[in-house]
1. If you take the square roots of the eigenvalues of the alpha-carbon gyration tensor of the stretch 174-309 and sort them as a ≥ b ≥ c, do you get rounded (a/c under 1.5), prolate (a/b over b/c) or oblate?
2. Quick one: grab the alpha carbon gyration tensor of the stretch 305-377, order the square roots of its eigenvalues as a ≥ b ≥ c, and give me rounded if a/c is under 1.5, else prolate or oblate depending on whether a/b is larger than b/c.
3. What is the extension gain from E346 to Q359, computed as 0.36 nm multiplied by their sequence separation minus the C-alpha to C-alpha distance, in nm to one decimal?
4. Looking at the P(r) of the chain, how many percent of alpha-carbon pairs lie beyond 29 Å?
5. Please list, in order along the stretch 318-329, the HN-Hα scalar couplings obtained from phi with the Karplus expression 6.51 cos²θ - 1.76 cosθ + 1.60 (θ = phi - 60°), rounded to whole Hz, x for Gly and Pro.
6. Enter the per residue convex hull volume of the stretch 189-238, computed from alpha-carbon coordinates, in Å³ rounded to the nearest integer.
7. Normalised by the empirical 2.2 N^0.38 Å for globular proteins, what value does the Cα Rg of the stretch 219-260 take?
8. Under 5 Å between amide hydrogens, which residues at least 5 positions from T35 or on another chain qualify, with H placed 1.01 Å from N in the peptide plane?
Amino acid sequence: MSEKNIDETFGFATRAVHGGNETDKETGAIRRPITMANSYELPYDPSVVNWSSAEGNVYTRNGGANQRYLEKKLSLLHGAQDCIALASGVAALSGLFFSLLKSGDHVIFSSVTYIAAYRLLNELFNGKFEVETTIVDTSDLDAVRKALRPNTKLAHIETPGNPTTAITDIAAIAEIIHSIGGYLSVDNTFASPYNQRPLELGADFAVESLTKYINGHGDAMGGAILGKKELLEPIRTQAQVNLGGTISPFNAWLITRGAVTLPLRMKQHNQNALAVAAWLERQEKVRFVDYPGLASHPRHGVAAKQMFGGFGGMIAFGLDADHDTNNKFVSNLRVITSAVSLGHDESLIVFLGENDERQYLYPKRFHNGFFRLSVGLEDTDDIISDLNHALLNINKPYFGTAYLR
């Protein structure tokens, strides 16, 4: 059977189904198999092999078959020249920063970012490697311009931002950082390539935690960096081959499988989250709701401009309640699970208390504790009914995991 020439001229759903998949030449199977080998047969004269090369199949730390199939699919979904799939989203972030930055460089990064990005840039890279870093509210373009220095190498933003759903204008930041010859990386995890594609908006790098929406089933970990081939090649050599952040063949296979249904799942995440956010906004006990799809979101206009597929499944909201009552609210839920991570098929919630060390970077409405809700694929009415029940029983005694009626 001839190879499928699936490219960017095909629709997103077609690319999600067929990208990276071909008929297996040995068996005729119409799905790529899992290749669990960690080593591959060498040529007649192995002295010609570059043992640190990521080209071809030599040793799975340097790259394996299932990783490459996944990379092809992700490249098609993002409209990218190339992709590096790594062991986790944090492996992708740290690999990008480690490979791109050197001592004396300056980085601007968003005041709302995933905790690992905050740790890497605010503590590790400046403390260990003397990389200068500045935390900026990147929704404020003037603040970004003022933070520029002659040695600014990178602007790293996250939009929507974890955990508050803060929105940054990707195209505007790209123009600012490119004016001084710097690079822009965008953590796109909350959006997924179905809703937002940073490279099309001017970013140099798009970063995804594949663990979340792209896998979608809460059973595999992975991360990806996407961009131009010439920018990614040194990252592949350093972050993958020399640091060893390679994704396992099984996880790569699972994520490739999960990504097939990404467009279907994201439609439901988008639809459910918008309905849940609108319902929460009408509840008397709810102090605030931040969801990019609501007109009340401070940056709804920017989100509507760049999130062309929808607004995602992530909601931040706060209750008019004290610390213990917030925990009682969560204990009364029976459909929504109290757990970390996001983008799963099931709805997940996390209570972020008043002692969050990054709280000073957030708007004041977040300072008394709030929730990050990852809206899943359940029936919309069941999610809302679960939240309603928890609110109605918020002041009742807690009896373990029993469902209060």
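1. Cα axes put the stretch 174-309 in the oblate bin.
2. It comes out oblate by the Cα gyration axes.
3. 1.9 nm
4. 45
5. Once θ is set to phi - 60°, the couplings for the stretch 318-329 become x, 9, 7, 7, 7, 4, 5, 5, 4, 5, 5, 4 Hz.
6. 75
7. 1.28
8. Answer set, sorted by chain and number: N66.
Each reported figure results from applying straightforward, stated rules to the coordinates on display, with no laboratory input. Please read these numbers as outputs of a predicted model, since none were measured by experiment. Positions of Cβ are generated from backbone atoms using ideal geometry, with glycine treated the same way; all protein chains shown enter the neighbour counts.
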